[in-house]
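Trainee: There's a structure below that I have some questions on.
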């Protein structure tokens, strides 16, 4: 299938480092902040696949990941602190129709205790350190770097060690959970998850730095018949910033063996990035990704996808308001036994994001 997508992101208020301080009491060490994100998009989709006519569909202006939340930080003395964090998002209908502001749910909800030097221990629905292993995920809506390592993890405990300058080491464990990150019931409930990740930031010179990330995760999931299977993911991320340009490379692999009937599934991704700062307010960037998926059963299935992205963004009000334009082309080839099919997609996005 070939899909040509035109998307106008009309208005987006994105969660960022910016936050609105509701309470900031220096005497008690209490800080209470609010942040959030409103993301709206308009889409036009034109599609084409082998043996079928080209089709076109227009989408209304709709939600594209809006969220709002609160964070409470309490200083406990001797460089210790406590954190409480909650963030709410909205579900969209499966067919992508209408405005997409349905069923608000709790995306993040966790508590943590930490030390400024030795790190942080947290528990709840949280963003794992594995999400930061990816170093090519700088573009906006159309980023090809969703990745294979777990990002948001529910009902998990995570410890991130920060005792060495520029180094973060994390370990995560979670028990049984029957829901996905958006709180819908999972097809394959999680029995447990274990992950470990490492990030290192190396300052090579005044105008050069290198970021490196390593990650591993093992999910143990349950079939409907009660049997279990493992899903193992491993990833490497790297980004070199020299002057005004960042070059990124990510490598990831995930292996899943749900049952003898379904067969082992192997997914691999290679993702690259070039991100250039033309001025203090204007950026241009590009991505390329090569992704494969192989299912080994009685009908061997192979999928190969090439993705190309070009984009630019402009800071209208630095740190608070920006606009961006992105274009992405996807080309997918699927082989099932002796049959081959092709699908192509093209997506264009125009967006505006405002931060608080």
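The values are calculated or read from the model by the stated rules, or taken from the named source; none is laboratory data. Quick caveat: nothing in here was measured; it's all calculated off a predicted structure. A quick note on method: Cβ atoms are made from the backbone with ideal geometry, for glycine too, and the neighbour counts reach across all protein chains shown.
Trainee: Would you be able to say whether some residue in the range 157-176 is touching a strand residue (DSSP E or B) at 6+ places or on another chain (Cβ under 8 Å), part of a strand (DSSP E or B) and within 20 Å of residue 65 (Cα to Cα)?
Mentor: No, because not a single residue in the range 157-176 is touching a strand residue (DSSP E or B) at 6+ places or on another chain (Cβ under 8 Å), part of a strand (DSSP E or B) and within 20 Å of residue 65 (Cα to Cα).
Trainee: Ok, one more. Restricting attention to the range 51-74, report how many residues are loosely packed, with under 13 Cβ neighbours inside 10 Å and farther than 19 Å from residue 327 by Cα.
Mentor: Here the count works out to 4.
Trainee: While we're on this one: Filter the range 20-37 down to the residues that are at pLDDT below 90 and surrounded by 18 or more Cβ atoms within 10 Å (Cβ to Cβ) and list them by number.
Mentor: 36, 37
Trainee: Further question: When residue 141 is evaluated against the numbered criteria (1) at pLDDT below 95; (2) under 29 Å from residue 32 (Cβ atoms), which criterion, by number, is the only one it fails?
Mentor: (2)
Trainee: Being over 28 Å from the mean Cα position of the chain (by Cα) and either under 26 Å from residue 108 (Cβ atoms) or without any contact (Cβ under 8 Å) to a residue 12 or more places away in the chain (or both) is true for just one of 54, 26. Which residue is that?
Mentor: 26
Trainee: For the range 125-171, enumerate the residues that are on the phi > 0 side of the Ramachandran plot, surrounded by fewer than 22 Cβ atoms within 10 Å (Cβ to Cβ) and under 18 Å from the mean Cα position of the chain (by Cα).
Mentor: Matches in the range 125-171: none.
Trainee: Check off (1) surrounded by fewer than 17 Cβ atoms within 10 Å (Cβ to Cβ); (2) within 20 Å of the chain's Cα centre (by Cα); (3) over 28 Å from residue 322 (Cα atoms) for residue 88 and give me the number that stays unchecked.
Mentor: (3)
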